[in-house]
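What follows is calculated from the coordinates using simple rules that are stated; it is not laboratory data. Note that the structure is predicted; figures quoted are calculated from it, not measured. We place every Cβ from the backbone using ideal geometry, glycine too, and count neighbours over all the protein chains shown.
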Amino acid sequence: MPEPLAELIAQRFRVLADPTRIRLLDQLREGPATVGELRERTGASQQNVSKHLGVLLGAGIVSRSKRGTYSVYEIADEGVFALCEQVCGGLRRQVAELDALLAG
């Protein structure tokens, strides 16, 4: 694998490696939302939500449009959910295996 490609892949994982960003993406899975709506749904501060949305926007994972005076964010790269499902599926298997070991 060429070094520039490996760096791009690693950068994508770094962007996704934050619990707040994962929670924001999960909320945006439901549909477009403003910073205020995402703040209410996640319980994070407006500054924190804005900061993380900026990172996701810079990575091309979300897009931003204007609705009056509000910025509305939505998922731009649906492929992010396939990656999340892969990780979640792996974690579910690990938890099930640990549960079986503890029960056995």
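List every DSSP H helix in the chain whose Cα atoms extend 30 Å or more along the helix's own long axis and whose mean Kyte-Doolittle hydropathy is at least -0.5. Walk me through the numbers on the way to the answer.
Values: long enough: 79-103 (36 Å, 0.76).
Membrane-span-like by this criterion, though nothing is claimed about a membrane: 79-103.
Please compute the length gained on full extension between Gln47 and Glu85, using 0.36 nm multiplied by the number of residues separating them and subtracting their Cα-Cα distance.
Numbers: separation 38, 0.36 × 38 = 13.68 nm, distance 2.82 nm.
Computed gain between Gln47 and Glu85 is 10.9 nm.
Does the chain come out rounded, prolate or oblate, given a ≥ b ≥ c as the square roots of the eigenvalues of its C-alpha gyration tensor, rounded meaning a/c under 1.5 and, failing that, prolate meaning a/b above b/c?
Numbers: a/c = 2.55, a/b = 1.45, b/c = 1.75.
Verdict is oblate for the chain.
For Ala103 and Glu3, calculate 0.36 nm times their separation in residues minus their Cα-Cα distance, and state this gained length in nm to one decimal. If you can, show how the numbers build up before the last one.
Details: separation 100, 0.36 × 100 = 36.00 nm, distance 4.51 nm.
Between Ala103 and Glu3, full extension yields an extra 31.5 nm.
Report the FRET efficiency, 1/(1 + (r/R0)^6), for Val72 and Asp26, where r is their Cβ-Cβ distance and R0 is 25 Å, rounded to 0.05. Spell out each step's value before the answer.
Values: r = 17 Å, r/R0 = 0.69.
E between Val72 and Asp26, to the nearest 0.05, is 0.90.
For the chain, what is the mean residue ellipticity at 222 nm derived from helices alone (per DSSP H run of n ≥ 4: -39500 (n - 2.57); sum divided by total residues; nearest 500 deg cm²/dmol)?
Values: 5 runs with 70 residues, N = 104.
Calculated mean residue ellipticity at 222 nm is -21500 deg cm²/dmol.
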